[in-house]
Amino acid sequence: MRSIAFLLSLVLLGGCASSKNAPDFRTQPSRASAARVSQREPTYKHVVAADHLIASQAGLEMLKKGGNAVDAAVATSFALSVVRPYSCGIGGGGFMLIHLKQHPRIKGLPRTIALDYREVAPSWATPDFFETNPQCRDDPDASTRGAHAVAIPGTVAGLLYALETYGTLPRDVVLAPAIRAAEEGYAVDADYIRATKSPRVTGAPKTPIFDEFRSTYLKQGAMAEGTTLKQPGQAAALRLIARDGVKAFYSGEIAAEIRKILKQGGADVSAAELAAYRPRELAPIVGTYQGKRVFAFPPPSSGGIVLVQTLGMIDARRAEFDSYDYLSSAQTHFLTEAFKHGFADRARFLADPATTEIPTLELTSASNTRELASRIDMNRVQPIESYGSRLPGSESSPKDGGTSHLSVVDSFGNAVACTETINLSFGSLVCVPRFGFVLNDQMDDFTTRRGKPNAFGLRQDDRNLPAPGKQPLSSMCPTILLTEDRDNAPVELVVGGSGGPWIITGTIQVLLDSVTYGLPASKAVAQPRIHHQWKPDTLRIEPEIADSREKVGAKEQTVRAGLEARGQSLKLGKSECVIQAIRRSPSMPGRFEAGSDPRKGGEPAGE
Ligand code: GLY
């Protein structure tokens, strides 16, 4: 069977097994086979999976000191600002999903908190700004590069709020590993060099606003794999944050330098609006999948809604879905059609919930996902405009390296799934003088030009037009699953990723790989993947899936042929998302497996 041989080659270590003794994932989705494979997977009592080993180790250092998952997540995130400066950082924003089971000061647990510290639009950002402002209207890069790309950062406020409210360790202890990495430096890796080679980065105009970026992060074109990158400026910023907390960033010296460089680029941000930034706590979306509780991130994330909808569509046709071979054309077609429904809803309904009424409950309800599932035709695709929920309101209308996800579990039963972003690689390419960190280009996640796609090819509704203080819609999708559908069930899976809209489809596939197909975490994150975001109407698929062979009755064909026969339009290429997952070991009680996606070279750290 194609599915069996395929899984074998990817799952079993050492490549010594043959398809004869392969686990049949079609008929035994998770139990015996998963336990067998998991015996060879390292397990941990507490662990951090980030997309850089130094960052994972920063989190582990906190866990070893007796800190909890929030302490570890905050330390990991500050370290990522230094070691993945093109993916996230103190000039960006993020979402932290915290599942708290045990805490020395907090009663009434378990509780799950969706902490939103996404950037907000500055006061100059009116809905038609990018279409009418003389400096921006003829510059297609205005929302991705330079001062007008920059939204007010939320990461420092969010991380320190998380630490003070839900962490246990002091600020200076948690920031220490990041300061160390910035001062001592580290050897840049292949992924860093890949980020420096993007045409958006190499093609940045030779204007003074990009000077600091070019000298710090590109070494004026001399940066090579293995070069030691020290960041004394970022170390100074982190030291100030460790000493003075939030005010160091939002009203002290750092704030003054942020305002100065933005003004140099023509964007006025007042001291008052910087100082007014606050993170917010939101209620997570609560769903179920295969009888397990799912906690997902609510709007302004679109990820949580699309994830819960997709899982709902699968559960609605459970027996049929389970009968499809793993990564067969039938399973891939079903998932693709489900993604199209979810992304059509993303485009039509979703935006900042503070400014727009979002029908979250209706979109994610079992009755709605059943209805969407009933419209998946296993023989053919549908007219593109017909996808999505039939709710009132539905009639309206580059590669991302700028995001990073980390997953943490501690030995107290707590878990954190945290995704942070500066949007595209190296964000706006504007660095803050003296402090050296990169500012985001999150303005491009708004609908900056009506009817036009953003840098990820996403078409979005007018609900997502910019406005002062508003947050742009996001695809970030930090997710936590419990072993059963009850609040105090143990954590089974902590997952999320980076890669713009690919985050959502990648997170869903790794969740399916881990929970439905029983793959250990390190294998689940490495599996080949597919992606469809409704528009453009293209199924992006890794060649390992498209070129594999399957049997349909007496006939043998490629998966590609099976998909094309149903009307899918394929484009082969590498998956553009990077996933970090932690899964409860099915064979080692109380221990966890961890996987950092090999696509970015990260590694987990645990004990
Ligand atoms: N900037 C990527 C996202 O939030 O979706």
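Residues that are within 16 Å of the ligand (Cβ to nearest atom), more than 21 Å from Trp124 (Cα to Cα) and open to solvent by 10 Å² or more (accessible area, probe 1.4 Å) are absent from the range 437-445 altogether. Considering only residues in the range 404-432 that are under 18 Å from Asp51 (Cα atoms), within 16 Å of the ligand (Cβ to nearest atom) and among the small types (Gly, Ala, Ser), the one that is surrounded by the fewest Cβ atoms within 10 Å (Cβ to Cβ) turns out to be Ser425. The criterion of at least 1 residues that are more than 28 Å from Ile152 (Cα to Cα) and either open to solvent by 10 Å² or more (accessible area, probe 1.4 Å) or hydroxyl-bearing (Ser, Thr, Tyr) (or both) is met by the following strands (runs of 3 or more DSSP E) wholly inside the range 248-318: 285-289, 292-296. Working carefully through the options Ile90, Ile98, find the one that is of a type in the set (A, V, I, L, M, F, W, C), closer than 20 Å to Ala417 by Cα and within 16 Å of the chain's Cα centre (by Cα). After ruling out the rest, the residue left standing is Ile98. Based on this model, can you work out whether Arg380 counts as basic (Lys, Arg) and open to solvent by 40 Å² or more (accessible area, probe 1.4 Å)? So Arg380 fits the description; yes.
I'd like to verify a number: residues in the range 184-222 that are in a loop (DSSP other than H, G, I, E, B), closer than 18 Å to Arg145 by Cα and in contact with a strand residue (DSSP E or B) (Cβ under 8 Å, 6 or more places away or on another chain), how many?
The qualifying residues number 0.
Number of residues in the range 503-525 that are out of contact with any helix residue (DSSP H, G or I) (no Cβ under 7 Å at 6 or more places or on another chain) and away from the ligand (no atom under 16 Å from the Cβ) equals 7.
With the structure loaded, tell me whether Asn454 is within 13 Å of the ligand (Cβ to nearest atom) and open to solvent by 10 Å² or more (accessible area, probe 1.4 Å) or whether it fails that test. Lay out the reasoning, then the answer.
Numbers: within 13 Å of the ligand (Cβ to nearest atom): yes; open to solvent by 10 Å² or more (accessible area, probe 1.4 Å): yes.
Spelling it out, Asn454 is indeed within 13 Å of the ligand (Cβ to nearest atom) and open to solvent by 10 Å² or more (accessible area, probe 1.4 Å).
Is it the case, given these coordinates, that Ser123 is assigned to a loop (DSSP other than H, G, I, E, B) and within 30 Å of Phe213 (Cα to Cα)? Walk me through how you get there before you give the answer.
Values: assigned to a loop (DSSP other than H, G, I, E, B): yes; within 30 Å of Phe213 (Cα to Cα): yes.
Spelling it out, Ser123 is indeed assigned to a loop (DSSP other than H, G, I, E, B) and within 30 Å of Phe213 (Cα to Cα).
If you go through the range 183-199 and keep only what is under 24 Å from the mean Cα position of the chain (by Cα) and either closer than 19 Å to Ser77 by Cα or open to solvent by less than 40 Å² (accessible area, probe 1.4 Å) (or both), you end up with Val188, Asp189, Asp191, Tyr192, Ile193, Ala195, Thr196, Ser198. Of all residues in the range 61-81, those that are farther than 18 Å from Gly413 by Cα have Cβ atoms under 8 Å from Cβ atoms of residues that are buried (at least 24 other Cβ atoms within 10 Å of the Cβ) and acidic (Asp, Glu), 6 or more apart or on another chain, in Ser77/Glu420; Leu80/Asp51; Leu80/Glu420. For the range 466-484, the criterion of being acidic (Asp, Glu), in a loop (DSSP other than H, G, I, E, B) and open to solvent by 10 Å² or more (accessible area, probe 1.4 Å) is met by at least one residue.
Take Gln557 and tell me if it is under 24 Å from Phe343 (Cα atoms) and at pLDDT 95 or above.
Details: under 24 Å from Phe343 (Cα atoms): no; at pLDDT 95 or above: yes.
Judged against the criteria, Gln557 is not a match.
The values are calculated or read from the model by the stated rules, or taken from the named source; none is laboratory data. Values in this document were obtained by computation on a predicted structure and should not be read as measured data. FYI the Cβ positions are ideal-geometry reconstructions off the backbone, even for glycines, and counts take in every protein chain you see. Ligands, DNA and RNA are excluded from the accessible area calculation, which covers all protein heavy atoms including side chains. Shrake-Rupley method; radii C 1.70, N 1.55, O 1.52, S 1.80 Å.
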